């Protein structure tokens, strides 16, 4: 009889505590998946912006994919790299509700002729 009471007590203590562990694991997995999504989206948007040169016209936006339901936004920043013919393009993607954020960057080659045109237009 005592063994049954001890076993019932152990089960009564172990089940609720294990449920708490599962809750923590589920939250951790959710956060990890959100971080994976923003990282993947940042990389894909960087490639898209480089291919289309859209970063020159529109430095921010949301994703047009209906499955993303406007949950993610992106910004791009073009800055000097310190080398005359290279610029650094950085894309940052943010999840609207969780605040998860990831960035991807790539150096872009700017031909010397284009630099001269840009400098000539600024004077």
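Where a number appears in this text, it was derived from the coordinates with a stated rule and is not lab data. This structure is a prediction, so every number in the text was calculated from the model and none was measured. When we count neighbours, we look across all protein chains shown, and the Cβ atoms used for this are built from the backbone with ideal geometry, even at glycine.
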query: On a 0 to 90 degree scale, rounded to 10, what angle separates helix 112-122 from the longest Cα axis of the chain?
result: 80 degrees
field: Antiparallel %, DSSP beta bridges [both residues in the chain], to 5
entry: 100 percent
task: For each of 94, 75, 67, count neighbouring Cβ atoms within 10 Å of the residue's Cβ, then give the residues from fewest to most.
output: 67, 75, 94
query: Could you put 64, 100 in order, starting from the residue whose Cβ has the fewest other Cβ atoms within 10 Å?
result: 64, 100
- prompt: With each run of n ≥ 4 DSSP H residues scored as -39500 (n - 2.57), what mean residue ellipticity at 222 nm is computed for the chain after dividing by its residue count and rounding to the nearest 500 deg cm²/dmol?
  reply: -18500 deg cm²/dmol
